[in-house]
Ligand SMILES: [Zn+2]
């Protein structure tokens, strides 16, 4: 599932908003399938609970490629732009050096078996941790935020109904067949009219979804990038399981996701489907799960970038990483290298 549809929300842009803002928002307008504004909501919620020292670092103005200071802080780029980077890279079909790839696969959709997903989740998480840590240590805090945004995006997608079924097509099909009498299998309520594809019920309009984890104390995920990456892979699975658990509850039981969302105008000419307050409340519950993990990821990356000697043998060799970064831009070299590992 890679089809990307650009969506402009009615009312999102008004006449008083200038072209510069339009360009800013266009960068992170959206996929048709999952979270749109929820990405910035979740990233912002995670950012707000970070220790003051990290907040200070990412509150500095972003230095533009021309050397001038942007009017926006690094945090705003992280929240509103870089945490949308995997969607933008996919829609432009371009490679982004701040995102993790294995061959052609981008760290974004986990559509493989649970075991394979776990391996990919872990390898990518380790790569992100190492690159964020190296960037912090070299004083490139904007680069650190850029890696962190792409990393966060993939974790955030796991709490979104349609992406929670990535890798679980059979489970989703069984569910749609089970509740076929509610319209889940109708061709006009299926993606591109194909009943074997996703039912439109999983596509949600998230514009009213608000996320807060105020009071949450982010936790270190591990004392080395390797250990933290294992923990990220475990939590990523837990979030996907949690989202699917809520999504699969009996629609005949009041208050369940399907019960509530089936009362909404959940299908129509676009894949942009209305959600009433009860559905939104459930989406917020799902979104919070990924906000906790993203908060933990930001904190862990920052903590691990502390004095190198405290990390012992896991000290990041930044020169090696710089070489690796160059190699990744050469896909042939990178694939050969990953295969030989
Ligand atoms: Zn995405």
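No value in this document is a laboratory result; all are computed from the given coordinates. Computed from a prediction, not measured in an experiment: that's the story for all the values here. A quick note on method: Cβ atoms are made from the backbone with ideal geometry, for glycine too, and the neighbour counts reach across all protein chains shown.
Observations, loosely collected:
- When the Cα gyration tensor is reduced to axis lengths a ≥ b ≥ c, the ratio a/c is 1.5 or higher for segment 199-302, and with a/b above b/c it is classed as prolate.
- Span from the segment 126-140 Cα centroid across to the segment 193-227 one, whole angstrom: 24 Å
- Shape of segment 193-252, Cα gyration tensor, a/c cut at 1.5: prolate
- Label point distance in nm, residue 262-residue 238, each placed 7 Å from Cα along Cα→Cβ: 3.1 nm
- Rounded, prolate or oblate (a/c below 1.5 giving rounded, otherwise prolate when a/b exceeds b/c) for segment 249-294 by Cα gyration tensor: oblate
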